[in-house]
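The values are calculated or read from the model by the stated rules, or taken from the named source; none is laboratory data. Keep in mind it's a predicted model, so treat the numbers as computed, not measured. For neighbour counting, all protein chains shown are included, and Cβ atoms are generated from backbone atoms with ideal geometry for every residue, glycine included. Side chains included, ligands, DNA and RNA excluded: accessible areas come from the protein's heavy atoms. Shrake-Rupley method; radii C 1.70, N 1.55, O 1.52, S 1.80 Å.
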Amino acid sequence: MSTLESILKETRSFPPSDEFRRKATVSGMEAYNTLCEEADDHYLSFWGDLAREMISWKKPFSRVFDDSNAPFFKWFDDGVLNVSHNCIDRHLPLNANKIALIFEADGGEVTRLTYAELYHRVCQFANGLKSLGIQKGDRVVIYMPMVVEAIVAMQACARIGAIHSVVFGGFSAGAVRDRIQDAGAVAVITANEGLRGGKTVPLKATVDEALALEGCDSVKNVIVYQRTNGGAHWVEGRDIWWHKLTEGQSEHCEPEWMNAEDPLFILYTSGSTGKPKGIQHSSAGYLLGAANSFRWVFDYKPNDVFWCTADVGWITGHSYVCYGPLANGATQVIFEGVPTYPDASRFWSMIEKHKVTTFYTAPTAIRSLIKLGADLPKQYDLSSLRLLGTVGEPINPEAWMWYYEVVGGGRCPIVDTWWQTETGSAMIAPLPGAVATKPGSCTLPLPGVIADIVDESGAPVEPGRGGFLVIKKPFPSLVRTIWGDADRFKKTYFPEEFNGQYYLAGDSANRDENGYFWIMGRIDDVLNVSGHRLGTMEIESALVANPLVAEAAVVGKPHDVKGEAVVAFVVLKGNRPEGDDAKKIATELKNWVAHEIGKIAQPDDIRFGENLPKTRSGKIMRRLLRSIAKGEEISQDVSTLENPHILSQLQQGV
Ligand code: WTA
């Protein structure tokens with residue numbers, strides 16, 4: 001609550017400059033309000049018109065929306081298109097020689113790819129996939145470093161109608177296995193090794209480890225892009241080099257013509273229960289959301305050089321690296337490395353070098369770069385920038401102001417974009433030529449997004465009061481279902497409490513008297529660590545899978561760079577360890593979680609107790625654990641606690 005209070009005391013407001021407003025795609029509040037009214041009054045034709053304007057259709061749709069099987073909504077469903085055709089081919093007549101991708105490698109080498117070159121690469125690789133028998137509807141896992149080939153792989157899947165499931169390159173073998181298994185993937189596309197911050201990442205070895213685990217029999221082929229000189233263990237008949245697969249393949253590949261509602265991809269994300277959910281997106285609705293929000297929120301201009309720093313392993317890298325910018329024919333920077341290598345000025349030097357106009361990154365990156373060199377941006381010429389953006393978590397006003405003044409030189413609007421893996425595209429964010437920004441607020445919904453804040457009964461709350469963030473009408477880029485679990489989809493996102501009518505985002509939020517949205521955080525057991533969603537249950541299951549562990553409870557605690565850090569309370573099967581023993585086991589368990597899920601899920605802090613605090617009915621008192629994790633005085637009523645003596649144990653760090 002204290003962060004919320006401090007945020008709500010924020011009264012600074014930054015309208016766009018006259019110059020920015022004049023040149024903007026959506027120019028001024030009147031234009032924004034007109035669009036919102038259009039959407040309110042003629043919701044379906046509003047989206048139908050946008051779908052005709054933004055998408056190139058092989059066969060036009062005759063029906064905009066179908067809710068006969070709610071909440072499994074359909075959009076434009078008798079329309080036929082191909083997403084890769086929309087991202088690449090349609091730019092060729094006028095812009096074949098326009099740069100699509102400016103790739104900067106970890107070591108600093110720069111490669112540029114035109115739309116024509118991208119087209120040829122995607123087609124060759126698509127033909128290669130087809131030569132392996134991969135077809136429309138097949139699932140393909142992509143486990144790649146942040147290189148051009150990751151985008152080629154995604155686009156090639158889209159081209160042949162295969163459903164990609166990108167797994168972030170930092171996830172472990174266990175996480176790769178779970179995703180392969182859940183989706184029944186027929187192939188994995190990976191690299192021998194990745195390169196990040198001067199170090200190699202053993203991607204192929206991790207895939208090998210995953211495939212050696214039980215339940216991956218569906219995988220027939222592993223395609224390996226050779227990124228480094230490092231070798232790779234080879235399984236004959238299963239593994240094939242990328243360069244061998246594409247050798248001699250035609251540079252043309254007729255797209256597979258898809259129905260609007262055919263799935264484009266699955267992307268797994270954490271939820272309240274142990275198992276990540278496969279968020280399934282459609283072809284046309286998703287593309288429309290990504291393309292149109294890119295145009296509006298980033299006020300896209302043909303001469304822009306756009307740079308979104310997200311990895312393709314996350315939804316941001318799907319919508320604002322792979323699909324949105326390409327669908328608009330934009331030029332964008334792709335970066336393989338990390339912001340701190342070779343030093344903490346990497347972002348700033350790259351903005352200068354590539355004359356980036358639009359820069360989109362995460363609050364956690366901004367906070368860590370402030371720490372490592374708040375004055376570093378001043379050593380670079382950042383005058384090419386005209387717009388900045390953030391995503392992934394609430395940004396604290398101090399970091400916002402630094403971003404605005406030091407990086408943006410006080411002249412660039414900041415678009416704080418609220419959205420989710422499930423929404424597919426930005427939902428609440430300022431249209432920068434219209435909406436005045438306020439540090440820490442994602443401001444107002446995009447036209448066509450009917451967002452509200454409601455109480456348990458679904459009734460809107462007064463301004464200034466917190467509640468559940470909901471979206472009251474389905475929209476084209478909304479998740480279609482959870483792969484293989486329609487029931488969970490319905491229960492999680494369209495709960496009966498709201499008569500199955502509202503999309504429940506899982507965030508709590510607050511609105512000020514100007515209608516601006518302020519996101520407070522998750523309402524479920526999901527943590528937001530460095531802008532990445534992690535389910536507490538997922539980490540608990542990983543801990544309990546360790547032979548030493550009897551029981552575990554995981555909570556978050558505030559962290560000044562990561563936003564939130566993972567704290568685990570652990571009960572061992574043996575005695576409660578102390579001293580060096582405790583240190584040793586804590587390190588072992590941290591490594592275990594990194595190995596089971598990935599480094600991002602690693603607890604910062606592990607506390608051992610003989611037991612966990614439980615009510616007499618056996619429920620773990622999580623609120624109490626959160627207070628303990630923060631080092632707060634315990635103010636909760638502990639009279640119902642079964643075992644009060646363990647509190648002092650859990651307060652002790654290792
Ligand atoms: C949080 C990332 C505040 C939120 C695109 C949401 C934000 C979750 C913002 C989704 C923002 C995202 N301000 N909070 N601008 N953007 N979030 O699925 O809790 O990785 O529910 O999608 O991140 O995370 P996801």
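Assigned to a loop (DSSP other than H, G, I, E, B), away from the ligand (no atom under 11 Å from the Cβ) and open to solvent by less than 10 Å² (accessible area, probe 1.4 Å) - does that describe any residue in the range 485-507? No, the range 485-507 has no match at all. Among the residues of the range 508-523, is any under 21 Å from GLU10 (Cβ atoms), more than 19 Å from the chain's Cα centre (by Cα), part of a loop (DSSP other than H, G, I, E, B) and within 16 Å of the ligand (Cβ to nearest atom)? Yes, that holds for at least one residue. The set of residues in the range 16-60 being surrounded by fewer than 16 Cβ atoms within 10 Å (Cβ to Cβ) and either modelled with pLDDT under 95 or in a loop (DSSP other than H, G, I, E, B) (or both) consists of SER17, HIS42, SER56, LYS58, PRO60.
If we keep just the residues of the range 463-477 that are within 13 Å of the ligand (Cβ to nearest atom) and of a type outside the set (S, T, N, Q), which is most open to solvent (accessible area, probe 1.4 Å)? Ranking the qualifying residues of the range 463-477, first place goes to PHE468.
Taking (1) more than 21 Å from THR269 (Cα to Cα); (2) charged (D, E, K, R); (3) not in a strand (DSSP E or B) in turn, GLU551 satisfies each apart from (3). Please find, within the range 276-325, the residue that is farthest from the chain's Cα centre (by Cα) out of those that are more than 23 Å from CYS412 (Cα to Cα) and away from the ligand (no atom under 16 Å from the Cβ). Step by step, filter the range 276-325, then rank; the result is ALA284. Please verify whether the range 130-139 includes one or more residues that are touching a strand residue (DSSP E or B) at 6+ places or on another chain (Cβ under 8 Å), in a helix (DSSP H, G or I) and under 22 Å from ILE315 (Cα atoms). So far as the range 130-139 goes, no, none of its residues is touching a strand residue (DSSP E or B) at 6+ places or on another chain (Cβ under 8 Å), in a helix (DSSP H, G or I) and under 22 Å from ILE315 (Cα atoms).
The requirement of being touching a strand residue (DSSP E or B) at 6+ places or on another chain (Cβ under 9 Å), closer than 20 Å to ASP18 by Cα, buried (at least 20 other Cβ atoms within 10 Å of the Cβ) and touching a residue at least 60 places away in the same chain (Cβ under 8 Å) is satisfied by THR437. Within the range 404-435, the residues that satisfy the criterion of being more than 13 Å from the ligand (Cβ to nearest atom) and not in a loop (DSSP other than H, G, I, E, B) are TYR404, GLU405, VAL406, VAL407. Checking the structure you have, find out if any residue of the range 486-500 is under 30 Å from CYS412 (Cβ atoms), at pLDDT below 95 and more than 21 Å from the chain's Cα centre (by Cα). No, that holds for no residue. The residues of the range 176-198 that are in contact with a helix residue (DSSP H, G or I) (Cβ under 8 Å, 6 or more places away or on another chain) and either open to solvent by 10 Å² or more (accessible area, probe 1.4 Å) or in contact (Cβ under 8 Å) with a residue 40 or more places away in the chain (or both), listed by number, are ARG177, ALA185, ALA187, VAL188, ILE189, THR190, ALA191, ASN192, GLU193, GLY194. One residue stands out in the range 436-457 among those that are part of a strand (DSSP E or B) and in contact with a Pro (Cβ under 6 Å, 6 or more places away or on another chain): the one that is nearest to the ligand (Cβ to nearest atom), namely THR443. Test TYR268 against the stated conditions and say whether it is open to solvent by 20 Å² or more (accessible area, probe 1.4 Å), within 12 Å of the ligand (Cβ to nearest atom) and either outside any helix (DSSP H, G or I) or among the basic types (Lys, Arg) (or both). So TYR268 fits the description; yes.
Annotation: of all residues in the range 64-84 being aromatic (Phe, Trp, Tyr) and in a loop (DSSP other than H, G, I, E, B), the one that is least open to solvent (accessible area, probe 1.4 Å) is PHE76. Out of ILE620, ILE606, ILE539, ILE597, one residue alone is of a type in the set (A, V, I, L, M, F, W, C) and surrounded by fewer than 21 Cβ atoms within 10 Å (Cβ to Cβ). It is ILE620.
When the range 622-640 is filtered for residues that are touching a strand residue (DSSP E or B) at 6+ places or on another chain (Cβ under 7 Å) and not in a loop (DSSP other than H, G, I, E, B), the ones remaining, listed by number, are ARG622, LEU625, ARG626, ALA629, LYS630. Apart from one condition, VAL654 fits all of (1) touching a strand residue (DSSP E or B) at 6+ places or on another chain (Cβ under 9 Å); (2) open to solvent by less than 50 Å² (accessible area, probe 1.4 Å); the exception is (2).
Residues are listed down the side, and each one gets a yes or a no for (1) surrounded by 24 or more Cβ atoms within 10 Å (Cβ to Cβ); (2) in contact with a Cys (Cβ under 9 Å, 6 or more places away or on another chain):
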{"residue": "SER62", "(1), (2)": "no, no"}
{"residue": "CYS87", "(1), (2)": "yes, yes"}
{"residue": "ARG90", "(1), (2)": "no, no"}
{"residue": "ARG121", "(1), (2)": "no, no"}
{"residue": "GLN124", "(1), (2)": "no, yes"}
{"residue": "LEU129", "(1), (2)": "yes, yes"}
{"residue": "GLN155", "(1), (2)": "yes, yes"}
{"residue": "ARG159", "(1), (2)": "yes, yes"}
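Within the range 219-260, can you find the residues that are assigned to a loop (DSSP other than H, G, I, E, B), open to solvent by 40 Å² or more (accessible area, probe 1.4 Å) and closer than 29 Å to ASP182 by Cβ? Hits for the range 219-260 are LYS220, GLN226, ARG227, HIS233, TRP234, VAL235, GLU236, GLY237, ARG238, GLU256, TRP257. Checked against (1) buried (at least 19 other Cβ atoms within 10 Å of the Cβ); (2) more than 15 Å from the ligand (Cβ to nearest atom), PRO460 passes all but a single condition, namely (1). Residues in the range 352-384 that are open to solvent by 10 Å² or more (accessible area, probe 1.4 Å), of a type in the set (Val, Ile, Thr) and assigned to a helix (DSSP H, G or I) were compared, and the one that is farthest from TRP307 (Cα to Cα) is ILE370. I'm checking my understanding of the structure. Among residues of the range 100-113 that are assigned to a strand (DSSP E or B) and either among the acidic types (Asp, Glu) or open to solvent by less than 50 Å² (accessible area, probe 1.4 Å) (or both), which one is farthest from ALA327 (Cα to Cα)? In this case the residue turns out to be GLU104. Taking (1) within 14 Å of the ligand (Cβ to nearest atom); (2) out of contact with any Lys or Arg (no Cβ under 8 Å at 6 or more places or on another chain); (3) outside any helix (DSSP H, G or I) in turn, GLY574 satisfies each apart from (1).
Contact annotation: residue pairs with Cβ atoms under 6 Å, 6 or more positions apart or on different chains, pairing a residue in the range 386-403 that is within 9 Å of the ligand (Cβ to nearest atom) with a partner that is assigned to a loop (DSSP other than H, G, I, E, B), are GLY392/ALA362; GLY392/GLY531; GLU393/GLY531.
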